[in-house]
Amino acid sequence: MCGIVGAIAQRDVAQILLEGLKRLEYRGYDSAGMAVIGSDQTIERVRALGKVQALADCMTQPLLGGVGIAHTRWATHGEPSERNAHPHVSGNNIALVHNGIIENHTELRQQLEDDGYQFQSETDTEVIAHLVHREQQVRNDLLASVRFVAKLLRGAYGAVVMDSNSPDKLVVARSGSPLVIGLGIGENFIASDSLALLPVTRQFIYLEEGDVAEITRTSVYIEDANGVQVERPVQESTASYDAGNKGNYRHFMLKEIYDQPQAVRNALESRLADDHVLEQAFGTDASAIFAQVRHVQIVACGTSYHSAMVARYWLESLAGIACSVEIASEYRYRKSVVPEKSLLVTISQSGETADTLAALRMARHLGYLATLAICNVGASSLVRESDLAFMTRAGVEIGVASTKAFTTQLVGLAILVLSLAQHNNINPEQLKQLVAALKQLPEKLEETLQLAGDIENLAQGFADKHHTLFLGRGDQYPIAMEGALKLKEISYIHAEAYAAGELKHGPLALIDEDMPIVVVAPNNELLEKLKSNVEEVRARGGLLYVFADVDAHFESDDTLRVINVPHTDPWLAPVVYTLPLQLLSYYVAIIKGTDVDQPRNLAKSVTVE
């Protein structure tokens, strides 16, 4: 969601800020803005509703100055509008950008209004700007003022502040929303994601929870939550922004769908032996912890929740370990009973998903044996705050609708399942076969992508449709849920998923020629049951689109369109069948003419609850 970029340099920084915002567009946003301190120590500010390009178009005169901050906003308080866009200012000297939510903003706003401050926006962020301005009247020390204000705030924030009366510094504060400092030569930078700063630096300092920092052109001073000066390690990034280039693909989403065979290879690399998985992929203490696990609790949101549901089937059938799965926003607000020797697993592409992170922090006090994060961002809060972690190595994912992040999460979960199975007396020959199937997975995905032309033709049948049902059984039910989510996200067609056996308990009432039914049908032990469900639909005049194993013996006719999917080991069929559903949603969205990479109302990284 919201993106932050800041810079302090001897050169003009406006174009650096603008480029940084463009690199954060994948996170989702509704407005953008920038403020720069000019040579006359005045703040020049430009804001615009819509895309970063709209902001660039507003900058008819260049913003000149070596100190500046910029922001892309995803609305939480107040409608998307120019007046609610960041940066927010107070007086003639304070400008501020902020990610997160200030939960006590109403009472703070009332205090400030009593002190004579007038608000120009509906945002919680403007409260912080006025609080800093008020403190600066007393302290005339920006670091001290921000440190004091931070103690007044309840909620999540990553904030960057500048004062035109002190144009030689930026001050930042981090609590619950990530910030990274980029180090240059005679210049330094700040961002909510290091990706924004790759054109200007590869050296980064990741701020920890509660940190407050003062950044000048030549120095970085950091205090922890207790006000004690600390040194945070400098890390060199090897990340590539190649994903920011669509190449020959029409959209990032399509490119990232085709990235998946290589992304899965990356996720598997150095993690599989000939006949077992390498538990060190989760951390040096993984083996000792896994040997004790008797229950797994998985917590996640959205697409990550669907991967967790697949893992539940795997854990109980292959590892013989009980598993519970819950949506993070529900889990964190109820009292739960933690079984003995239970492992908490959190799943998040960004590692900054607010509800998932809050669930992890809450779980520290509930008696879990250990915590494990499955994540794509090594420097994220989720990874840093967990006992163990598995990095999915999906690479940068620009499209808001998750594709390769999901399939690499499934790979990480598969490796976790086999790691736990190794401690739970799995048959060695069976383990060897499961590992062999994992090794073949990238090639199976490549075969599956060859169906794209057939799926593009199939998508024509959805051109005038407004509702769709997705059906699956067993570990394909969560894949049906993921397929429905993708269609909703990027084509805006209402879609729901059902376990196929539930049709007779209500959904059959919806079946007619205007309701396409999408079915995932691998050749597994539930195939015959699924075929019976398909016949229930056909008998009621429904039009079926079936993605079926080549050995499942479905035949196309007037009411049933079949796409034959390459045969794969049943236990990894959920990964393989994900790709056809991604392609279907993509081609339907193309027909509908929607914004595929940045669907309306959605954000890539959800760092608020």
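Readers should treat all values here as calculations from the given coordinates under stated rules, not as data from a laboratory. Everything numeric here is computed off the predicted structure, so don't read it as measured data. In this analysis, Cβ positions are derived from the backbone assuming ideal geometry, glycine residues included, and neighbour counts consider all displayed protein chains.
Some notes on this structure:
- Neighbourhood charge, 15 Å Cβ-Cβ cut-off, centred on GLN260 and excluding it, Lys, Arg +1 and Asp, Glu -1: -2
- Fraction of the pair-distance distribution of the stretch 64-151 above 19 Å, Cα-Cα pairs, percent: 37
- Computed over the stretch 250-406, the convex hull of the alpha-carbon atoms projects to a mean area of 9.3 nm².
- Order of ASP512, ASP163, ASP454 - criterion: other Cβ atoms within 10 Å of each residue's Cβ, fewest first: ASP512, ASP454, ASP163
- Taking amide H as placed 1.01 Å from N in the peptide plane, the amide H of VAL519 sits under 5 Å from that of LEU471, TYR545, VAL546, PHE547, each at least 5 places away or on another chain.
- Exposure proxy order (Cβ contacts within 10 Å, fewest to most) of TYR157, TYR249: TYR249, TYR157
- When the alpha carbon gyration tensor of the stretch 203-272 is reduced to an equivalent ellipsoid, its three semi-axes come out at 38, 17, 11 angstrom, largest first.
- The lysines whose alpha-carbon is closer than 23 Å to the alpha-carbon of LYS151, local same-chain residues fewer than 8 away aside, are LYS169.
- Inter-label distance, nm, simple model (7 Å from Cα along the C-beta direction), GLN262/GLN10: 3.9
- Averaging the Cα positions of each part gives two centres, and for the stretch 155-191 and the stretch 68-113 these lie 16 Å apart.
- Backbone amide hydrogens, once placed in the peptide plane, bring ALA373 within less than 5 Å of THR346, LEU388, ALA389, PHE390, excluding anything fewer than 5 places away on its chain.
- Take the Cα radius of gyration of the stretch 1-145 and divide it by 2.2 N^0.38 Å, N being the number of residues; the result is 1.01.
- The order of CYS2, CYS323, going from fewest to most other C-beta atoms within 10 Å of their C-beta, is CYS323, CYS2.
- Put a dot 7 Å past the Cα of LYS504, heading toward its Cβ, do the same for GLN433, and the two dots end up 3.2 nm apart.
- Estimated distance in nm for a label pair at ASP40 and GLU269, the labels positioned 7 Å out from Cα along Cα-to-Cβ: 5.4
- Fully extended contour minus Cα-Cα distance, from HIS467 to THR218, at 0.36 nm per residue: 83.9 nm
- For the stretch 69-99, the residues whose amide N sits under 15 Å from a probe point set 7 Å from the Cα of GLN118 along the beta carbon direction are 89-92.
- Calculated P(r) tail over 18 Å for the stretch 159-200, as whole % of Cα pairs: 32
- Calculated on the alpha-carbon coordinates, the convex hull of the stretch 30-73 measures out at 56 cubic angstrom per residue.
- Ranked by the mean number of other Cβ atoms within 10 Å of their residues, highest first, the peptides 438-444, 495-501 come out as 495-501, 438-444.
- Extension gain from SER556 to ALA291, taking 0.36 nm per residue of separation minus the Cα-Cα distance: 90.5 nm
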